Amino acid sequence: MPELPEVETIRRQLAPHLEGRTLTAVEILDARWTRPLSPAPIEKQLRGASIERVGRRGKYLLWSLSGQRHLLVHLRMTGALLFDPPVEPPHTRVRFELDDGHRLAYVDPRRFGTGHLVAGDDELQAYLVKRIGVEPFTPAFTA
């Protein structure tokens, strides 16, 4: 299971490739990824969105998108994000295509990972407060 340092490493590796890019196509192949919401509306909302920033909060990868939207990706036990895989990896659950021709594949053999799209900072904070504690690398984390 990716722990917080591994998630931060993934964030640092992906951010230079994703920030400033636009999602030209998104295909959610496994409906569990967006559960309880249906994949089709999520795909539609992600298509055409610009990725302004790739951050991390706890073990969530936090994609800040244009239009005050945020995509929270949790890898869970076996999830991985592969940038420009040479062939379609087995267990691909989500495909992302970027405006510069690059591709990103969310791969998860055990199907535990999740992707949630939230609108606005208030909804983002409400989502995170219900699921995780204080971020350990902020001034809010005290003895």
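Annotations for the structure displayed:
- The Cα-based radius of gyration and maximum Cα-Cα distance (Dmax) for the range 35-99 are 12.6, 33 Å.
- Placing dummy labels 7 Å off each Cα toward the beta-carbon, the span from Phe83 to Glu123 is 2.8 nm.
- The chain, helix-only ellipticity at 222 nm - DSSP H runs n ≥ 4, -39,500 (n - 2.57), divided by all residues, nearest 500: -7500 deg cm²/dmol
- Per-residue Cβ neighbour rank within 10 angstrom, fewest leading, Val94, Val26: Val26, Val94
- Put a dot 7 Å past the Cα of Thr24, heading toward its Cβ, do the same for Arg95, and the two dots end up 1.4 nm apart.
- Relative to one another, the C-alpha centroids of the range 83-102 and the range 107-143 are positioned 24 Å apart.
- Packing, taken as the mean count of other beta carbons within 10 Å per residue, orders the peptides 133-141, 44-52 from highest to lowest as 44-52, 133-141.
Each value in this text was obtained by applying a stated rule to the coordinates, not by laboratory testing. Values in this document were obtained by computation on a predicted structure and should not be read as measured data. As a convention, Cβ positions derive from the backbone with ideal geometry for all residues, glycine included, and neighbour counts pool all protein chains shown.
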